[in-house]
Amino acid sequence: MAMPAPPPIVQDPWSVITSAGYTNYSNMYSHDGQTAIARLAIARSIYTHNDWRFGIEAGVQTGNTMRLEANQAAFDLLGSYVPIQTTVKPILDLLVTVEKSFVRTPIFLQGKAGMAYRRWQFNNINTVNDLSQVGFEMQLGAGLHINQHTDLSLLYQGIYGGNPNLAVNTAAGTGAVSNIPTQNGALLSLSTTV
């Protein structure tokens with residue numbers, strides 16, 4: 001009985017990925033949830049088979065300062081006469097990556113999925129709780145092998161949360177949110193092997 005062939009050796013397994021893009025946080029006041037974003041990640045290819053490549057990626061992404069959308073009655077009960085200003089702090093994520101290349105073309109498909117850690121801070125009011133959550137993140141798109149060491153890709157990015165559901169305790173004059181809003185956007189990413 002023949003022994004199975006060892007997995008192929010991945011050349012240049014480490015890469016640095018810089019991204020710029022746009023995202024939209026749901027449940028925010030006016031257009032506050034729409035913002036430009038930047039992301040920096042380090043990725044490692046773990047295994048390749050034929051035209052498939054599998055790996056992991058860890059990144060950090062900019063957050064956003066924006067106002068929470070809620071009814072005026074809730075703001076009045078909290079003693080706030082303007083929409084509450086909030087900040088999503090820089091986001092940390094850890095993703096599993098899959099890439100499918102094609103013969104005779106520099107185009108590839110790419111998918112990433114994993115977890116994103118987010119912290120949501122309330123800036124101009126101290127009666128609403130800050131919130132930290134881990135949520136599901138997904139990136140899907142296509143790219144182009146520019147040369148042996150550089151790839152360019154365009155990806156949809158979703159970091160999933162939920163409706164903040166601002167609840168007010170009228171007796172205590174405090175508020176609480178239960179979720180960090182979902183964000184949907186796009187990233188233009190440049191990956192360089194190191």
Original post:
Taking only pairs six or more apart or across chains, which ones have beta-carbon atoms under 6 Å, a first residue in the stretch 23-41 that is within 13 Å of PRO90 (Cβ to Cβ), and a second residue that is at pLDDT 95 or above and assigned to a loop (DSSP other than H, G, I, E, B)?
Top reply: ILE37/THR62; ALA38/THR62
Subject >> Whichever residue in the stretch 109-124 is within 22 Å of ARG67 (Cα to Cα) and touching a Leu at 6+ places or on another chain (Cβ under 6 Å) and, among such residues, is modelled with the lowest pLDDT >> reply: TRP120
**OP:** Evaluate the stretch 94-109: report whether one residue or more is among the β-branched types (Val, Ile, Thr), over 19 Å from the mean Cα position of the chain (by Cα) and farther than 17 Å from LEU144 by Cβ.
**Re:** no
Original post:
Mind checking which residues of the stretch 140-165 are touching an Asp or Glu at 6+ places or on another chain (Cβ under 9 Å), closer than 15 Å to GLN61 by Cβ and in a strand (DSSP E or B)?
Top reply: GLN157, GLY158, ILE159
Original post:
Taking interchain pairs and intrachain pairs at least six residues apart, which have beta carbon atoms under 9 angstrom, with the first residue in the stretch 55-79 and on the phi < 0 side of the Ramachandran plot and the second assigned to a loop (DSSP other than H, G, I, E, B) and modelled with pLDDT under 70?
Top reply: GLY55/VAL10; ARG67/VAL82; GLN72/TYR81; ALA74/SER80; PHE75/TYR81; PHE75/VAL82
Original post:
Taking the stretch 21-49 as the region of interest, how many residues are outside any strand (DSSP E or B) and either polar (S, T, N, Q) or surrounded by 14 or more Cβ atoms within 10 Å (Cβ to Cβ) (or both)?
Top reply: 6
**OP:** Would you please list the contacts, defined by Cβ atoms under 6 Å and residues six or more apart or on different chains, that run from a residue in the stretch 138-157 that is under 14 Å from THR23 (Cα atoms) and without any contact (Cβ under 8 Å) to a residue 24 or more places away in the chain to a residue that is of a type in the set (Phe, Trp, Tyr) and part of a strand (DSSP E or B)?
**Re:** none
**OP:** At least 3 residues that are over 30 Å from SER30 (Cβ atoms) and not polar (S, T, N, Q) in each: list the strands (runs of 3 or more DSSP E) lying fully within the stretch 50-115 that qualify.
**Re:** 52-61, 91-102
**OP:** Mind listing whichever residues of the stretch 169-191 are in a strand (DSSP E or B), closer than 16 Å to THR86 by Cβ and either of a type in the set (A, V, I, L, M) or without any contact (Cβ under 8 Å) to a residue 40 or more places away in the chain (or both)?
**Re:** ALA176
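The values are calculated or read from the model by the stated rules, or taken from the named source; none is laboratory data. This structure is a prediction, so every number in the text was calculated from the model and none was measured. Because the Cβ atoms are built from the backbone with ideal geometry, glycine has one as well, and the counts that use them run over all protein chains shown.
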